[in-house]
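Take a look at the structure below.
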Amino acid sequence: MADSSEPGKRLDVDSPQGNAIVEAATRCFDTWGVERTRMGDIAIEADVARPTLYRYFPNKEALILEVMIRHIRVENAMTRKKVKLAGPGRDVIRRCLLLQIREQRPKEQPGSLLRTESTHVLAHRAANSPEVLEAAKELWADIFAYAAERGELRPDLEADGAIRWMTMLVHVSLVLPELMPADEQLERYLDQFVVEALVL
């Protein structure tokens, strides 16, 4: 197994080897599910010694969090490419939420972090994670700023709370999709119960 680490030094998760470990973990989670995957499985898949793995990630929780954050950032980038900052702010917010909910629904095909068996585990870990909130803000901060510049965002809006609430809504749609309204109702519900609370 490849191992170029120096004893006692915390290693950079954004290095080529750190990225390879995260990619290996994602493949393992896809294959065996988050709960059944062991750190030893990931070390083998990444072709690193277990001590090296722990120098990047002190425990499985830290590795799961890194995989989640990277997944959120990829999804955010895809959403931003599809939603232009143009027109009423309420429309931009609604379109982003629709994409986040519809495109992050549990998937059973290989290569998806959001396989049904993993969504409960991932959502539970994301619920109160400040790192997940920061990753979510990378999408919503620009959108809220756009609506505010147009004079459409509620001046008393607590942005972090709103972003946490919308992130929770997306997680609920993953964990309990049976509770979500049908597609034809979803847009109306988002308008009435979410977007209306954010804009004037």
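Brief remarks follow.
- Scanning region 127-167 for residues that are aliphatic (A, V, I, L, M), over 20 Å from D91 (Cα atoms) and either surrounded by 14 or more Cβ atoms within 10 Å (Cβ to Cβ) or outside the structural domain of E103 (by TED's automatic domain parsing) (or both) yields a count of 3.
- For region 56-65, a residue qualifies if it is buried (at least 20 other Cβ atoms within 10 Å of the Cβ), free of Cβ contacts under 8 Å to residues at least 60 places away in the same chain and in a helix (DSSP H, G or I), and the qualifying residues are Y56, L63.
- Filtered by the rule that a residue be assigned to a helix (DSSP H, G or I) and either over 19 Å from the mean Cα position of the chain (by Cα) or modelled with pLDDT under 90 (or both), region 82-97 gives G89, R90, D91, V92.
- Identity of the residue in region 32-46, exposed (fewer than 14 other Cβ atoms within 10 Å of the Cβ) and either within 20 Å of the chain's Cα centre (by Cα) or not small (G, A, S) (or both), that ends up modelled with the lowest pLDDT: E35
The values are calculated or read from the model by the stated rules, or taken from the named source; none is laboratory data. Not measured: the values here are computed from a predicted model. Counting neighbours? That spans all protein chains shown, and the Cβs are built from the backbone with ideal geometry, glycine included.
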